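Working notes, beginning with the structure itself.
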Amino acid sequence: MCPNELFVNTRADIGSCTLVHSVALKQDYEKASKTKDYGFEEEVMGNLKAFIKDCDRKIVQAKRRLEETPVAPEIQEKADRIHDIGEQIGEKLAKAEKLGMR
C-alpha cells in the first residue's frame, strides 16, 4: 500500500502520490529484486521515518498547547467527578470478581 493513501482526508494527509502503482510493475520488481537490491525499501523506510518524526513533533506541539490552555473550573470539577466515578467502578468490579470466585 502506498503511504500517501493511508491518511487521505485527515490532518496527516500528505497529498496524492506521483508514482505509478501498477500490479505488473510490482511483480516485475519483486522478481528482479531477488537478484539485485534497488534500494526502494530503504527509500520508503526513510520517508516513513520522516513522516513519523513529523507526526511526533506535531503531537508534542499539541500537548504543549493543551497544557498551556487554562481549564475552566466547572470543567475541572466534572473531570474530577468522572475520574472518581471511574475509580468507584473499578473498585466495584474488583469486588464483584472477588465475590464471583468464591
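The values are calculated or read from the model by the stated rules, or taken from the named source; none is laboratory data. Because the structure is a prediction, the values reported are computed rather than measured. Positions of Cβ are generated from backbone atoms using ideal geometry, with glycine treated the same way; all protein chains shown enter the neighbour counts. In case anyone asks, the SASA skips ligands and DNA or RNA and just uses the protein heavy atoms, side chains included. Shrake-Rupley method; radii C 1.70, N 1.55, O 1.52, S 1.80 Å.
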Would the stretch 56-70 turn up any residue that is assigned to a loop (DSSP other than H, G, I, E, B), surrounded by 10 or more Cβ atoms within 10 Å (Cβ to Cβ) and not small (Gly, Ala, Ser)?
no
Which numbered condition in (1) farther than 26 Å from ILE14 by Cβ; (2) touching a residue at least 12 places away in the same chain (Cβ under 8 Å) is the only one that GLN76 fails?
(2)
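Only residues that are of a type in the set (Gly, Ala, Ser) and part of a loop (DSSP other than H, G, I, E, B): list them for the stretch 25-55, please.
Within the stretch 25-55, SER33, GLY39 qualify.
Tally the residues that are open to solvent by 100 Å² or more (accessible area, probe 1.4 Å) and at pLDDT 85 or above, restricting the search to the stretch 6-18.
The number of residues fulfilling the criteria is 3.
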Take the stretch 31-61 and flag every residue that is modelled with pLDDT under 90 and among the polar types (S, T, N, Q).
SER33, THR35, ASN47
